[in-house]
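Okay, structure first, notes after.
The values are calculated or read from the model by the stated rules, or taken from the named source; none is laboratory data. Keep in mind that this is a model prediction, so the values were computed, not measured. Glycine gets a Cβ as well: all are built from the backbone with ideal geometry, and neighbour counts include every protein chain shown.
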């Protein structure tokens, strides 16, 4: 948080200045305005220290300072301002009102003369200070100078220099300085302080310090205000040591310029630097050096202004010198200088930013003891301080305390509270704060808009996000970078269409998109794999006056490489180099990785050489990719070649590279070399990672070396490093060696360990269960897999078909399911899963799976109806099964042999003999083609119904029918 100095704080627009200076203030000081005062800012914390706060003696209550109005309505409890509508001084008031009500172009010289020509010098100063636009102020000042009776004075010139400096109108400032010399007005300390402050705030630090050199050349010793201005500029530019040395030199009576960085070469003849150098040359010989030195050596002195100590304390705080900041605060009190609100704000800020919350709270108590009124910034500092440690309650406490103490929350208060509430996803509270802001007439800060939008987007409240965007973000008042931040929030959630709407949305006339917007839009398209759209934005951005930067090229090349659009990526890589940009190492490595992934090793090597030509040194990742590519191809010699190049380049060989070499030796089953490298990795810090260990286990498994693989596997289990791949590889090894019990033990262990994280690992464990005849455990594992939202693949369904065959379900039903799956019919996958659960007796899971398609209001294929009838029937819900049979017929589907087999099961379970006889009749009179599975189903159904005689009759019929069918087949073969 930045502590604003009086020069930084905006002047309340609603209060014209009084016509007389306050008691105790000179006319000169009142006309020139208060000197600027420093602020503070949060900085990274150094090691903690014990801040010893001296006891503060009570002081009489100071005059209550005027609060700065930031556009908020004051609380009703505060009395209205009395000075708001008070006329200043007759004609002065009329002049001010007239100048503010009309554009300056509407006044001719005669009108301006009538307004300002008869005013006193003090009233003219008020008029100049009240002009908000530099053009208006310059025009008024020139008319004043044109008057015959005008007496030039430094106060008017100081006001104009400050106005032109803040507007950064350096040419006009130079002309004003020349006019000042023509009028015979000599610059004073206030003049130089004004110029140093104006140049420093414009970021022209060296130029600001040149004015100090000019001041010294003129023989003027900096007073405390000028010195404080120089120290503040050095502090704000991060030159903490120089600022401290200058301060101490001033205190010792010396003005040392050797510690300041003011030497430079300048060839631009129209720059402010050249103007200053010229002025230095002109003023350099005006007084002998000895006299100048004598004039500047005033002897030791001590600062007497609170603003000076405020600057010094803030300097130490920003430099991380907390002890020195505390000592400066103590020296201020010992010197009898009363700390003001800025002093306490700076000290609180320093303590809070370094984690000393108790000291910061005690300083607030000291303020109350000394009756120094806190301002809005004081509470903002506490809000920021507690927000950084995640204490939401304390943030809300100080946010509400601003209003309770009769102050108004400013834009910083709202920014902090919205940031905190949005980070904690407190949607309703955020909306309450925004509503309150709107009621008070406050505006929503541009930096807060992306924060609120991101909260809505992350919470899935897209409708609210759209409403908020339309209300607060459209039409203006928001920068291109903030638009980019909103788009980025959408892009992170894969909402490319919403990001696109923001990008192509309506903007105010003359709005120009920043390059960051294009980069974010390309990123959004890239994440959605909409490469054509990303390329379109990239190609069209030039027509909008925006040229791709280094980030644009790196982003789109990496995006295209990840999408395997390698030819286009390589083309853009060349265009990037032609444009004068150097691709990042990560960009080259992404292209190399894509070529390696597609086994295009020669192209990857070409990119490697292009990288070397471009002056980009390959890192460990690039060498690792090349070595790994050759390892995957089983080219050990080439992998070793790039391994040696890596060592020669001075890069440290890490475990990843050695793991790739182990993989290379594993490809050619060279276990001894791999074993040597593995031993080398074990000797390195951290030891081998899980990939290297799994490579060795896989190598041993392929060679049937059970004891060696088990040794590494046991080490992994002991250290808690074994993952799903380790277990799966060991299961494969045990199964291939016929050690089914050991394979089953490993399968049970990995299931309990919770290491099953992908489809492949689940498939391996399920296959192990099936091999050991543990069908129910296999089905339970499938349910766990589905509960974790891991979709089964082709290998999974291959295992499930095996379970159905072993589970006793009719072969006709299995064949029907298998063919429907291979043909990709709707609900084929769900039907297989339902059948599996029913076969092993997990009826609750089966019915849950069955309801997913049986309750659908769409037409189903015969196999789906058959599975549903079977699932409901074996689970005892025969009524549902029979209803589905009727629905099947209503849909125009004829029952097939599988349908009759499952219906027979339902009839037998319920003892519905007539239903069994009807199906038996169809079978006997060959309306249904004779089928052994159907005969067996009838036999079992009659047995379940207690009709043993009918069961024997069907069994005899089955033997006769099947025997006759076999004879017919034999005769057909003979023919």
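Among the residues in the range 471-482, are any in a helix (DSSP H, G or I) and over 23 Å from the mean Cα position of the chain (by Cα)? Yes, because at least one residue in the range 471-482 is in a helix (DSSP H, G or I) and over 23 Å from the mean Cα position of the chain (by Cα). Taking the numbered list (1) under 20 Å from residue 466 (Cβ atoms); (2) part of a helix (DSSP H, G or I) in turn, residue 507 passes all entries but (2). Return the residues of the range 822-854 that are at positive phi and surrounded by 20 or more Cβ atoms within 10 Å (Cβ to Cβ); say none if nothing qualifies. Hit for the range 822-854 is 827, nothing else.
The residues in the range 848-859 that are in contact with a helix residue (DSSP H, G or I) (Cβ under 8 Å, 6 or more places away or on another chain) and more than 25 Å from residue 773 (Cβ to Cβ) can be counted, and the count is 4. Contact map, the range 114-131: first residue free of Cβ contacts under 8 Å to residues at least 60 places away in the same chain, second residue part of a loop (DSSP other than H, G, I, E, B) and surrounded by fewer than 20 Cβ atoms within 10 Å (Cβ to Cβ), Cβ cut-off under 6 Å, separation 6 or more or different chains; pairs are 117/147.
The single condition among (1) free of Cβ contacts under 8 Å to residues at least 12 places away in the same chain; (2) under 26 Å from residue 316 (Cα atoms); (3) not in a helix (DSSP H, G or I) that residue 368 does not meet is (3). Within the range 912-922, one or more residues are at pLDDT 85 or above and not in a helix (DSSP H, G or I).
If you check residue 819 against the conditions, is it buried (at least 20 other Cβ atoms within 10 Å of the Cβ) and part of a helix (DSSP H, G or I)? Judged against the criteria, residue 819 is not a match.
Among the residues of this structure, residue 337 counts as one that is touching a helix residue (DSSP H, G or I) at 6+ places or on another chain (Cβ under 6 Å) and not in a helix (DSSP H, G or I). For the range 662-685, the count of residues that are assigned to a helix (DSSP H, G or I) and closer than 21 Å to residue 761 by Cα is at least one.
Take residue 842 and tell me if it is outside the structural domain of residue 881 (by TED's automatic domain parsing) and under 26 Å from residue 935 (Cβ atoms). No, not satisfied.
Of everything listed in (1) modelled with pLDDT under 85; (2) under 39 Å from the mean Cα position of the chain (by Cα); (3) crowded, with 21+ Cβ neighbours inside 10 Å, the single unmet condition for residue 623 is (1). For residue 892, indicate whether it is under 18 Å from residue 803 (Cβ atoms) and part of a loop (DSSP other than H, G, I, E, B). Spelling it out, it is not the case that residue 892 is under 18 Å from residue 803 (Cβ atoms) and part of a loop (DSSP other than H, G, I, E, B).
Going through (1) modelled with pLDDT under 85; (2) more than 25 Å from residue 952 (Cα to Cα); (3) assigned to a helix (DSSP H, G or I) one by one, residue 860 falls short only on (3). A single member of 832, 790, 869, 809 is more than 30 Å from residue 737 (Cβ to Cβ), in contact with a helix residue (DSSP H, G or I) (Cβ under 9 Å, 6 or more places away or on another chain) and outside any helix (DSSP H, G or I), and it is 809. When 967, 931 are checked against the criterion of being within 24 Å of residue 831 (Cβ to Cβ) and modelled with pLDDT under 80, a single residue qualifies: 931. Inspection of the range 206-214 finds no residue satisfying the criterion of being surrounded by fewer than 21 Cβ atoms within 10 Å (Cβ to Cβ), out of contact with any helix residue (DSSP H, G or I) (no Cβ under 8 Å at 6 or more places or on another chain) and either assigned to a helix (DSSP H, G or I) or free of Cβ contacts under 8 Å to residues at least 24 places away in the same chain (or both).
Conditions (1) buried (at least 24 other Cβ atoms within 10 Å of the Cβ); (2) assigned by TED's automatic domain parsing to the domain that holds residue 923; (3) out of contact with any helix residue (DSSP H, G or I) (no Cβ under 7 Å at 6 or more places or on another chain); (4) modelled with pLDDT under 90, marked per residue:
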{"site": "878", "(1), (2), (3), (4)": "no, yes, no, yes"}
{"site": "881", "(1), (2), (3), (4)": "yes, yes, no, yes"}
{"site": "890", "(1), (2), (3), (4)": "no, yes, yes, yes"}
{"site": "894", "(1), (2), (3), (4)": "no, yes, yes, yes"}
{"site": "901", "(1), (2), (3), (4)": "yes, yes, no, yes"}
{"site": "905", "(1), (2), (3), (4)": "no, yes, no, yes"}
{"site": "909", "(1), (2), (3), (4)": "no, yes, no, yes"}
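In the range 285-314, the qualifying residues are those that are more than 46 Å from the chain's Cα centre (by Cα) and in a helix (DSSP H, G or I), and the one that is modelled with the highest pLDDT is 296.
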